[in-house]
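The values are calculated or read from the model by the stated rules, or taken from the named source; none is laboratory data. The structure displayed is predicted, hence computed values, not measured ones. Every residue, glycine among them, receives a Cβ derived from its backbone with ideal geometry; neighbour counts consider all protein chains shown.
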Amino acid sequence: MDLGLTDKKAAVAAGSAGLGFGSALALANEGAHVVICGRREDRLAHAAELIGHGCRYLVHDVSDAAGGVAFVGAATELLGGLDLLVCNSGGPPPGTFESTEIEAYALALNLSLMSTVGMCKAAIPAMQANGWGRVVAITSSSVRQPIPTLILSNTARAGLTGFLKTVAREVAKDGVTVNSLQPGIHLTDRIRTVYGAEPDPTLMGIPSGTIGDPLDFGQAVAFLCSEQARFITGTHTPVDGGQYAGLL
């Protein structure tokens with residue numbers, strides 16, 4: 001199926017590895033012109049080479065709003081415009097209510113909330129002016145079902161989800177969609193850090209019996225960026241192999 005992404009201009013934050021890499025690869029395979037960012041040039045150069053299709057990279061730290069704004073500005077200049085934005089960042093460190101200091105919350109909110117706010121503020125007005133745009137944010141299944149020992153992520157990404165829903169309703173009339181995907185357990189560096197090198201899907205209650213593949217996750221991102229997804233906005237969709245058990 002042709003997703004209508006040929007020659008679209010895409011910026012993917014934190015795209016050198018994990019879910020960001022999977023997203024960038026899927027968009028590039030669909031014919032989009034892709035720019036990724038990250039903090040390490042060596043990893044970015046390697047990722048861009050693997051992605052191919054003329055993928056370019058920018059060394060940018062998107063751990064706060066200013067970083068998000070700067071990345072979008074630089075990507076827009078490099079591409080000559082921006083049609084697709086994939087908001088992504090690393091996750092805050094593990095911790096519980098008891099173990100987490102108050103000062104850690106501000107850092108987590110900058111990383112997992114304000115960075116995306118900055119990216120959206122920088123990208124969406126031009127999309128509105130053009131009458132077309134796609135924003136997909138990568139959040140977490142913890143928005144629906146808080147994960148023990150990840151209190152910072154649970155808190156920040158729940159706030160981000162409220163922001164995205166509000167923005168989606170405001171800009172829908174301008175041809176811009178805003179959605180988020182809520183990954184469960186995918187085999188990324190983040191998951192290895194939190195759960196160990198080879199998490200057992202059975203012990204983690206994943207009905208599919210498998211750990212998620214970041215490349216498959218990227219296909220979901222590409223679909224939400226597509227022409228076919230033009231009537232889908234304001235959604236927050238689990239991509240977790242059925243792990244989330246709630247009805248809503």
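Filtering region 5-32 to residues that are more than 14 Å from the chain's Cα centre (by Cα) and over 19 Å from Ala70 (Cα atoms) leaves Leu5, Thr6, Asp7, Lys8, Ala28, Asn29, Glu30, Gly31, Ala32. Counting only strands (runs of 3 or more DSSP E) that sit completely within region 1-114, those holding 2 or more residues that are at negative phi, surrounded by fewer than 16 Cβ atoms within 10 Å (Cβ to Cβ) and not acidic (Asp, Glu) correspond to 56-59.
In region 76-101, the qualifying residues are those that are within 22 Å of Arg40 (Cβ to Cβ) and under 16 Å from the mean Cα position of the chain (by Cα), and the one that is modelled with the lowest pLDDT is Gly90.
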